[in-house]
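A.B. asks: Below is the structure I would like to discuss, written out as structure tokens.
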Amino acid sequence: MIYNEEFETLPRPALEALQLKRLKSTIKRVYNQVPFYREGLDKAGIIPEDINSLSDLQKLPFTHKQDMRDSYPYGLFAVPMEEIVRIHASSGTTGKPTVVGYTRKDIEVWSELMARSFVAAGAHKGDIIHNAYGYGLFTGGLGAHYGAERLGASVIPMSGGNTKKQILIMKDFGSTVLTCTPSYSLYLAEAALEEGVDFKSLRLRVGIFGAEPWSESMRKEIESKLNICAIDIYGLSEIMGPGVAIECHEAKNGLHIWEDHFLPEIIDPETGNLVPEGEKGELVITTITKEGIPLVRYRTRDITSITYDPCVCGRTHARIARMSGRSDDMLIIRGVNIFPSQIESVLMKIEKVEPHYLLIVDRKDNLDTLEVQVEVDEQLFSDEVKHLQALAQAIEKEIKDMLGVTCKVRLVEPKTILRSEGKAKRVIDKRGEH
Amino acid sequence: MQVDQISIFIENKSGRLAEVAGILGEAGVNIRALSLADTSDFGILRLIVNDCEKAKQILKDKGFTVSKTEVVAIEVPDRPGGLSDILHTLDRESINVEYMYAFVERCEENAVIIFRFDETEKAIEILLNQGFNLLQGERLYRM
């Protein structure tokens, strides 16, 4: 099944002609509406009329997350606020979040792309979609919700957390499709066992998992524990939210990126040059239909590769590989995006704490864990256990309040955290070792 | 009337205690009393030694986090109820004991207990008024 047969299976020449038309119109629009892009293009000595082929895209400067922060909150919006019907923002960041705005048409496009994604995953009208992505500023919940409604499925707006209730409802309401983070799905499976609920007895058939990196071996584990078909979905709030790309259930081999709305490029993050098809690099996306906040050559920092090979499902849109890492040091912990520098700024705010810290990320019982090691020097030291424990708890609370992620603070002896000249090693991620 | 104690932050990993003891031994520092408070992640080793300044300096040089704390050494009659008398006196006066531990050596017929109070000066005054015998640091280090 294909949701939008016409556009999802457009022959490549027609698709590329459509992309070019939409790209030209986007560049013209941002040049006229957004000072940031006008300045960027002027500086590069380019006018919108210079864009005459898809490869001309490479002449344009990149857009970085920092550019969004610098124009906080609405500086990159390309329409007047009266046309913005929805605002989302990136989760779990200190200081300024990145803010995105959607016009009514943007919401419609997003809903359609999520509906397409549901169908690609093997869902259909009549399904009961159990949406356990968080509702709120985070794009996951509402993005999946609107797509499910567009598809004509019955959506249960569960949001995250409250695991026992999730299981009860999944069982009693007969949920057939689950949307959440991959790690939460395994957590649900274990919690269900404890509740005496066997996933194999549920009607659940498909799981659509995203918002954090996962692996093929994790897919196998999820599929066997939940007795479902597990599908990888990709998205980021800056570009739209969930539904930028998704695997088709027919092939489960790469995520189709909806190319009639997004132009993907894979670059070498160091040089900025394109890498050959099939080689790993950083995914760069240009939105070509977005009205609220169009982004030109946005550096996602996600590492993947792309293939234009035909797919057995019949869709002609290119496929990107499962995300294999980041070209920056961002960590995704239980779906929350965290930069080590954010932890550092939290630590620096706590009196007497030195910026010598190490983050240990691991996965225990299918949930991401974050340990923050902090060195105890003479300033911090107290010879009473309760004072040191209170200090550790205060740091844990501050990190939770500021970044929205639960962590464990471990106090360590001074100089045990390796110092290095240049870039200090701040993170040990053990999740890949399991 | 106060006694110097050094406290050392120790991560909960094997060999750390042995290392501290080894460093002090090599430097000729004699441990007179000790107590270890521990949690699952770390411990605090508290020591009364014959040369507090020296011990502190060499441990610091070896990269340990060390602090000096003032504690009180009280002579306790070595009989049932000996400790209880002291604790009741402190309780009546609302002095909190942060922690306490026993000294290895006896002082003639009496045991010696090391106390850390929240209000050290006040505790000393009360104990002396009540006729308890407090030991001077100099005497303790040489015991």
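A.B. asks: Look at A:Arg104 and say whether it is more than 22 Å from the chain's Cα centre (by Cα) and not assigned by TED's automatic domain parsing to the domain that holds A:Met348.
C.D. replies: Considered against the rule, which asks whether it is more than 22 Å from the chain's Cα centre (by Cα) and not assigned by TED's automatic domain parsing to the domain that holds A:Met348, A:Arg104 comes out as yes.
A.B. asks: Then there's this: Checking the structure you have, find out if any residue of the stretch A:195-205 is polar (S, T, N, Q), buried (at least 21 other Cβ atoms within 10 Å of the Cβ) and over 18 Å from A:Asp365 (Cα atoms). Quick ask: steps written out before the conclusion?
C.D. replies: Looking only at the stretch A:195-205, we keep the residues that are polar (S, T, N, Q), and these are A:201.
With buried (at least 21 other Cβ atoms within 10 Å of the Cβ) added as a condition, the list becomes none.
No, the stretch A:195-205 contains no residue that is polar (S, T, N, Q), buried (at least 21 other Cβ atoms within 10 Å of the Cβ) and over 18 Å from A:Asp365 (Cα atoms).
A.B. asks: Same structure, new question: Looking at the stretch A:306-316, is at least one residue open to solvent by less than 30 Å² (accessible area, probe 1.4 Å) and under 19 Å from the mean Cα position of the chain (by Cα)? Write out each step before concluding.
C.D. replies: Just the residues of the stretch A:306-316 that are open to solvent by less than 30 Å² (accessible area, probe 1.4 Å), to begin with: A:306, A:311, A:313, A:315.
Adding the requirement that they be under 19 Å from the mean Cα position of the chain (by Cα) leaves A:306.
Within the stretch A:306-316, one or more residues are open to solvent by less than 30 Å² (accessible area, probe 1.4 Å) and under 19 Å from the mean Cα position of the chain (by Cα).
A.B. asks: Could I ask something else about it? If the requirement is being touching a Ser or Thr at 6+ places or on another chain (Cβ under 7 Å) and of a type in the set (D, E, K, R), which of these qualifies: A:Arg297, A:Arg326, A:Arg322?
C.D. replies: Working: A:Arg326 fails: touching a Ser or Thr at 6+ places or on another chain (Cβ under 7 Å); A:Arg322 fails: touching a Ser or Thr at 6+ places or on another chain (Cβ under 7 Å).
Exactly one residue qualifies, and that residue is A:Arg297.
A.B. asks: Here is a check on your reading of the model: is A:Arg322 part of a loop (DSSP other than H, G, I, E, B), open to solvent by less than 10 Å² (accessible area, probe 1.4 Å), at pLDDT 90 or above and in contact with an Asp or Glu (Cβ under 7 Å, 6 or more places away or on another chain)? Please lay out each step first, then the result.
C.D. replies: Numbers: part of a loop (DSSP other than H, G, I, E, B): yes; open to solvent by less than 10 Å² (accessible area, probe 1.4 Å): no; at pLDDT 90 or above: yes; in contact with an Asp or Glu (Cβ under 7 Å, 6 or more places away or on another chain): yes.
So A:Arg322 does not fit the description; no.
A.B. asks: Within the stretch A:253-295, count every residue that is aliphatic (A, V, I, L, M) and within 18 Å of the chain's Cα centre (by Cα). Show your work before the answer.
C.D. replies: Our first condition is that a residue be aliphatic (A, V, I, L, M); within the stretch A:253-295, this holds for A:255, A:257, A:263, A:266-267, A:274-275, A:283-285, A:288, A:293, A:295.
Narrowing the set further to residues that are within 18 Å of the chain's Cα centre (by Cα) leaves A:255, A:257, A:263, A:266, A:283-285, A:293, A:295.
Final tally of qualifying residues: 9.
A.B. asks: Is it the case, given these coordinates, that A:His130 is more than 24 Å from A:His88 (Cα to Cα) and at pLDDT 95 or above?
C.D. replies: Working: more than 24 Å from A:His88 (Cα to Cα): no; at pLDDT 95 or above: yes.
No.
A.B. asks: Could I ask something else about it? Determine, yes or no, whether A:Glu212 is surrounded by fewer than 24 Cβ atoms within 10 Å (Cβ to Cβ) and at pLDDT below 95. Step through it out loud before you land on a result.
C.D. replies: Working: surrounded by fewer than 24 Cβ atoms within 10 Å (Cβ to Cβ): yes; at pLDDT below 95: yes.
In short, yes.
A.B. asks: Which number in (1) open to solvent by less than 30 Å² (accessible area, probe 1.4 Å); (2) of a type outside the set (D, E, K, R); (3) over 16 Å from B:Val20 (Cα atoms); (4) part of a strand (DSSP E or B) marks the one condition that B:Thr89 misses?
C.D. replies: The failed condition is (4).
A.B. asks: Can you go through A:Lys349, A:Lys290 and tell me which one is open to solvent by 20 Å² or more (accessible area, probe 1.4 Å), basic (Lys, Arg) and in contact (Cβ under 8 Å) with a residue 40 or more places away in the chain? Let's see the steps before the verdict.
C.D. replies: Values: A:Lys290 fails: open to solvent by 20 Å² or more (accessible area, probe 1.4 Å).
Exactly one of A:Lys349, A:Lys290 is open to solvent by 20 Å² or more (accessible area, probe 1.4 Å), basic (Lys, Arg) and in contact (Cβ under 8 Å) with a residue 40 or more places away in the chain, namely A:Lys349.
A.B. asks: Kindly list the number of the only condition in (1) among the aliphatic types (A, V, I, L, M); (2) touching a Cys at 6+ places or on another chain (Cβ under 9 Å); (3) without any contact (Cβ under 8 Å) to a residue 40 or more places away in the chain that fails for A:Ile107.
C.D. replies: Going through the list (1) among the aliphatic types (A, V, I, L, M); (2) touching a Cys at 6+ places or on another chain (Cβ under 9 Å); (3) without any contact (Cβ under 8 Å) to a residue 40 or more places away in the chain, A:Ile107 breaks only (2).
A.B. asks: Hey, could you check the stretch A:401-434 for residues that are within 14 Å of chain B (Cβ to nearest Cβ) and loosely packed, with under 12 Cβ neighbours inside 10 Å and say which is modelled with the lowest pLDDT? Working first, answer last.
C.D. replies: Applying the first criterion (within 14 Å of chain B (Cβ to nearest Cβ)) to the stretch A:401-434 yields A:407-419.
Next, from what is left, pick out any that are loosely packed, with under 12 Cβ neighbours inside 10 Å: A:418-419.
Working: A:Leu418: 68, A:Arg419: 62.
Checking each candidate, the answer is A:Arg419.
A.B. asks: Turning to a different aspect of this structure: Filter the stretch B:50-59 down to residues that are more than 13 Å from the chain's Cα centre (by Cα) and open to solvent by less than 80 Å² (accessible area, probe 1.4 Å) and give me whichever is farthest from the other protein chains (Cβ to nearest Cβ). Can you show your working first?
C.D. replies: The first filter runs over the stretch B:50-59 and keeps only residues more than 13 Å from the chain's Cα centre (by Cα), leaving B:51, B:53-59.
Narrowing the set further to residues that are open to solvent by less than 80 Å² (accessible area, probe 1.4 Å) leaves B:51, B:55-56, B:58-59.
On the way: B:Asp51: 19, B:Ala55: 14, B:Lys56: 10, B:Ile58: 15, B:Leu59: 11 Å.
Taking the candidates together, the pick is B:Asp51.
A.B. asks: Limited to the stretch A:354-389, what total is found for residues that are within 14 Å of another protein chain (Cβ to nearest Cβ) and either in contact (Cβ under 8 Å) with a residue 40 or more places away in the chain or open to solvent by 50 Å² or more (accessible area, probe 1.4 Å) (or both)? Talk me through it step by step, then tell me what you get.
C.D. replies: We begin by selecting, within the stretch A:354-389, every residue within 14 Å of another protein chain (Cβ to nearest Cβ); these are A:354, A:356, A:358, A:360, A:371-389.
Checking which are either in contact (Cβ under 8 Å) with a residue 40 or more places away in the chain or open to solvent by 50 Å² or more (accessible area, probe 1.4 Å) (or both) leaves us with A:354, A:356, A:358, A:360, A:373, A:375, A:378-379, A:386-387, A:389.
Total meeting the criteria: 11.
The values are calculated or read from the model by the stated rules, or taken from the named source; none is laboratory data. Because the structure is a prediction, the values reported are computed rather than measured. For neighbour counting, all protein chains shown are included, and Cβ atoms are generated from backbone atoms with ideal geometry for every residue, glycine included. SASA here: full protein model, heavy atoms, side chains in, ligands and nucleic acids out. Shrake-Rupley method; radii C 1.70, N 1.55, O 1.52, S 1.80 Å.
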